[in-house]
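Single-structure report; data block below.
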Amino acid sequence: MKKKIMQASVTVALISSLSAMPAFAAIDYNASLNTLLSSLGGSTVTAEASATSVHGDLKKINLNVVLKTGTKTITDDVKSGNPTADWIRQGLDSSKSHTLNAAARSYYTDGTSSDQIYSSSSW
């Protein structure tokens, strides 16, 4: 009888410790992230980034954007939305090089989050 009680208490302790562990991030297969540097001609470039998730339990999606001209960071922004977070910057000099890096992470109603996804564009 003593052995069965010991096994039961170890099992309860193990289950209790597992339920207290945080959930691990996973890929949100319902999310997409796009970056674009474009020009309609002329001397200016437009930088755009958009993150979207259609996950059923989505609370918000965060979009982190870093825009560089040469080696100088000119923008470092975070936008949030549900189901979409958008970012745009117009009027960049088309004679210079530009790099747009973006990362997105989904946050869910149960308090968990996804792995980050990444996208990059260059001019």
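The values are calculated or read from the model by the stated rules, or taken from the named source; none is laboratory data. Worth saying up front: this structure is predicted, and the values here are computed from it rather than measured. Heads up, the Cβs are rebuilt from the backbone with ideal geometry, glycines too, and the neighbour counts pull from every protein chain shown. We work out accessible area using only protein heavy atoms, side chains counted, and drop any ligands, DNA or RNA first. Shrake-Rupley method; radii C 1.70, N 1.55, O 1.52, S 1.80 Å.
Table: residues versus (1) surrounded by 14 or more Cβ atoms within 10 Å (Cβ to Cβ); (2) modelled with pLDDT of 95 or more; (3) over 30 Å from GLY111 (Cβ atoms); (4) among the polar types (S, T, N, Q).
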residue	(1), (2), (3), (4)
THR35	yes, yes, no, yes
VAL45	yes, yes, yes, no
LYS59	yes, yes, no, no
ASN62	yes, yes, no, yes
VAL65	yes, yes, no, no
ASP77	no, no, no, no
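Look through segment 93-103, keep the residues that are assigned to a loop (DSSP other than H, G, I, E, B) and hydroxyl-bearing (Ser, Thr, Tyr), and return whichever of them is surrounded by the fewest Cβ atoms within 10 Å (Cβ to Cβ).
Applying the filter and picking the extreme gives SER95.
Mind counting the residues in segment 104-123 that are closer than 16 Å to THR73 by Cα and surrounded by 15 or more Cβ atoms within 10 Å (Cβ to Cβ)?
So the count comes out to 2.
Could you list, in sequence order, all residues of segment 104-116 that are assigned to a strand (DSSP E or B) and either within 16 Å of GLU48 (Cα to Cα) or more than 15 Å from the chain's Cα centre (by Cα) (or both)?
Answer for segment 104-116, where residues must be assigned to a strand (DSSP E or B) and either within 16 Å of GLU48 (Cα to Cα) or more than 15 Å from the chain's Cα centre (by Cα) (or both): just ALA104.
Failed condition for ALA85, given (1) without any contact (Cβ under 8 Å) to a residue 40 or more places away in the chain; (2) open to solvent by 30 Å² or more (accessible area, probe 1.4 Å); (3) among the aliphatic types (A, V, I, L, M); (4) in a strand (DSSP E or B), with all others met?
Among (1) without any contact (Cβ under 8 Å) to a residue 40 or more places away in the chain; (2) open to solvent by 30 Å² or more (accessible area, probe 1.4 Å); (3) among the aliphatic types (A, V, I, L, M); (4) in a strand (DSSP E or B), the lone unmet condition for ALA85 is (2).
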